[in-house]
Amino acid sequence: MRWVLAMCLAVTAAQAQETVRYHVEVALVWDGAAQAGHPADKHWSRLIAFAHTARYALFDDGDTATSGLALVATNGRVSVLEADLAEGRRRGRVGAHIVVPGIDAGVGTFAFELELTERQRFVSLATMLAPSPDWFTGVSAVALREDAGWFEQVRAPLWVWDAGVDSGRAFEGPNVETQPRQSVRLLSHPAFLTETGLQPIGTVTFMRLP
């Protein structure tokens, strides 16, 4: 009986660790060539993406940015966030992660593959809009599975966010640390406003691989 129970537990554990892979495309369109105030050297920092459980979130509207996200948003550094992910991985809340080289233009696409498990079915990612005080784009906790199974394709808009840690209002200039830190919120800078309101700066598409 003990042997049968041990076998059942082993099978259950193996099933829980079954993995799938997704191809991810982050398409960004930051041109603004005709708009005053846009920097000439638009680019995107390295992008960091990772799989995680429902008990982990990269950011939430109205919450205070973590130190890891703050550094991604202010200067594109990912080392502190990677340390946070390592601790989350030790607790079983974070799975695979990847860092993708930046884009040397305002318009471009990040493309990569990411592995997920049934438990770590959520994906978060972020990249700094540069140059800027602390503005970034990304998504937090996009679910790629429901009880019925994995989604074949998921697409989500990408908005520009203010991390709330730098008080600068121009794209270029010295850092002005915000004390106390403000909450993460959608950026309402005039450069990203149109007659119909805020517009997304791109899209992220997750496509399940066979």
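The values are calculated or read from the model by the stated rules, or taken from the named source; none is laboratory data. Quantities reported herein were computed from a predicted structural model and do not represent experimental measurements. Here Cβ is always computed from backbone atoms with ideal geometry, including for glycine, and neighbour counts include all displayed protein chains. The accessibility values were calculated without ligands, DNA or RNA, using every heavy atom of the protein model including side chains. Shrake-Rupley method; radii C 1.70, N 1.55, O 1.52, S 1.80 Å.
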Just one listed residue, out of S67, S124, is farther than 23 Å from L193 by Cβ, under 13 Å from the mean Cα position of the chain (by Cα) and small (G, A, S), and it is S124
With the first residue restricted to region 65-80 and required to be of a type outside the set (A, V, I, L, M), and the second required to be in a helix (DSSP H, G or I), Cβ contacts under 7 Å at 6 or more apart or on different chains are T66/D84; S67/V80; G68/V80; G68/L81; G68/D84; R77/L71
- prompt: Would you say G88 is without any contact (Cβ under 8 Å) to a residue 40 or more places away in the chain and touching a strand residue (DSSP E or B) at 6+ places or on another chain (Cβ under 6 Å)?
  reply: yes
Residue in region 160-168 that is assigned to a loop (DSSP other than H, G, I, E, B), of a type in the set (S, T, N, Q) and in contact (Cβ under 8 Å) with a residue 24 or more places away in the chain present:
yes
Filter region 79-110 for residues that are in contact with a helix residue (DSSP H, G or I) (Cβ under 6 Å, 6 or more places away or on another chain) and within 27 Å of E172 (Cα to Cα); the one that is most open to solvent (accessible area, probe 1.4 Å) is V80
Exception for D162 within (1) open to solvent by less than 20 Å² (accessible area, probe 1.4 Å); (2) of a type in the set (D, E, K, R); (3) farther than 22 Å from L125 by Cα falls at (3)
Counted residues in region 61-70 being open to solvent by 40 Å² or more (accessible area, probe 1.4 Å) and in a helix (DSSP H, G or I) come to 1
Here the residues within region 111-127 that are over 17 Å from L69 (Cα atoms) and in contact with a helix residue (DSSP H, G or I) (Cβ under 9 Å, 6 or more places away or on another chain) are T117, E118, R119
Of (1) modelled with pLDDT of 95 or more; (2) among the aliphatic types (A, V, I, L, M); (3) within 13 Å of the chain's Cα centre (by Cα), A57 satisfies every one except (1)
The condition of being open to solvent by 10 Å² or more (accessible area, probe 1.4 Å), outside any helix (DSSP H, G or I) and under 21 Å from P200 (Cα atoms) holds, among R119, R155, only for R155
